[in-house]
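Read-outs throughout are calculated quantities, based only on the coordinates presented, and are distinct from any laboratory measurement. The shown structure was predicted, so the numbers you read here are calculated from the model rather than taken from an experiment. Here the Cβ positions follow ideal geometry from the backbone for every residue, glycine too, while neighbour counts run over all protein chains shown.
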Amino acid sequence: LASALAMWWSGREQSCSNRLLRRLSSVLAALGVRSTPAAPPRRLRLAVVGDCHGQYNEDDNAALLALVPDAALFVGDYDNEAADIPRTIAKLHGALPVASIMGNHDAWYLSKLIARERMALDSASSSASSLAPGAQPR
């Protein structure tokens, strides 16, 4: 993606696949960066933040804004099972365009959370069915 972005910004987009360019263009449009073939885009200052692992707070938001980026891309591994960092990142909306994706740790913790929720629901439904009138003992 980084090399495709570099080629696109340098005006050599014909060397990239059209599909990749369309996807990249839609991501950039979502970030608020617009361009036309007749007018190449200006340079984009993109701040990329990743692998916070619980070490990101309001001071980091202030430091990020002090860099004066055009947009920020958060690339995952935010906070192990807590929502503090995503809440802090959400406060940037309005100050600059922000995009974020989940990292491998985020996906792993999310799958753990879903498994725990399923177990709790299964346990609750089996308890409720055992208390239902006419239920057979196990």
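Approximating the spin labels as points 7 Å out from Cα along Cα→Cβ, the ALA90-to-ALA107 distance works out to 2.4 nm. The distance between label points at ALA83 and VAL68 comes to 3.6 nm (points 7 Å beyond Cα on the Cα→Cβ vector).
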